[in-house]
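Novice: Structure provided below as structure tokens; questions to follow.
The values are calculated or read from the model by the stated rules, or taken from the named source; none is laboratory data. As the structure is a prediction and not an experimental result, all values here were calculated from the model. All Cβ positions, glycine included, derive from the backbone under ideal geometry; neighbour counts span all protein chains shown.
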Amino acid sequence: MDRTVVSTDKAPAAVGPYSQAIIAGEFVFTAGTLPLDPKTGEVIGDEIGAQVQQALSNLQQVLEAAGSSLDRVVKTTVFLTDFGNFGQMNSVYAEFFTSAPPARSTVEIGPLPKGILVQIDAVAVR
């Protein structure tokens with residue numbers, strides 16, 4: 001099976017040895033997206049709602065660069081540094097996935113750099 005690297009300047013660049021996403025067959029596998037401004041690399045917002053919105057906007061840009069979209073996502077994983085933020089995360093998340101939302105796992109993790117509160121990855125169909 002062929003693998004194709006996805007890269008777009010409309011989302012934050014990879015800052016390590018990973019790709020923003022990989023296309024494999026008819027699927028797109030994204031790296032974890034963060035609430036960073038694609039141009040400056042700075043964190044957008046200091047509260048969970050703004051950070052979820054930016055992370056999902058970045059995810060949307062990566063998926064579109066791969067020939068997919070949010071409405072073609074089949075699975076997401078949401079990583080929260082504080083599970084107390086679940087309700088607010090869920091409210092913003094629901095604005096992006098309005099009908100037939102994908103399967104989702106949400107887990108609490110340790111601290112992320114720069115005060116980041118959330119990271120989201122996805123698997124989508126092209």
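Novice: Here are the criteria: (1) surrounded by fewer than 18 Cβ atoms within 10 Å (Cβ to Cβ); (2) in contact with a Phe, Trp or Tyr (Cβ under 7 Å, 6 or more places away or on another chain). Tell me which single one Ala50 does not satisfy.
Specialist: (2)
Novice: Taking the options Lys75, Lys39, name whichever one is in a loop (DSSP other than H, G, I, E, B), loosely packed, with under 15 Cβ neighbours inside 10 Å and either touching a His at 6+ places or on another chain (Cβ under 7 Å) or at negative phi (or both).
Specialist: Within the list Lys75, Lys39, the selection yields Lys39.
Novice: Is it the case that Glu95 is loosely packed, with under 14 Cβ neighbours inside 10 Å and either touching a Pro at 6+ places or on another chain (Cβ under 7 Å) or at pLDDT 95 or above (or both)?
Specialist: When the stated conditions are applied, Glu95 passes them.
Novice: From the list Gln61, Gln53, which residue is polar (S, T, N, Q), closer than 16 Å to Val78 by Cβ and outside any loop (DSSP other than H, G, I, E, B)?
Specialist: Gln53
Novice: Give me a count of the residues in the range 110-126 that are in a loop (DSSP other than H, G, I, E, B) and either on the phi > 0 side of the Ramachandran plot or surrounded by 14 or more Cβ atoms within 10 Å (Cβ to Cβ) (or both).
Specialist: Going through the range 110-126 one residue at a time, the tally reaches 4.
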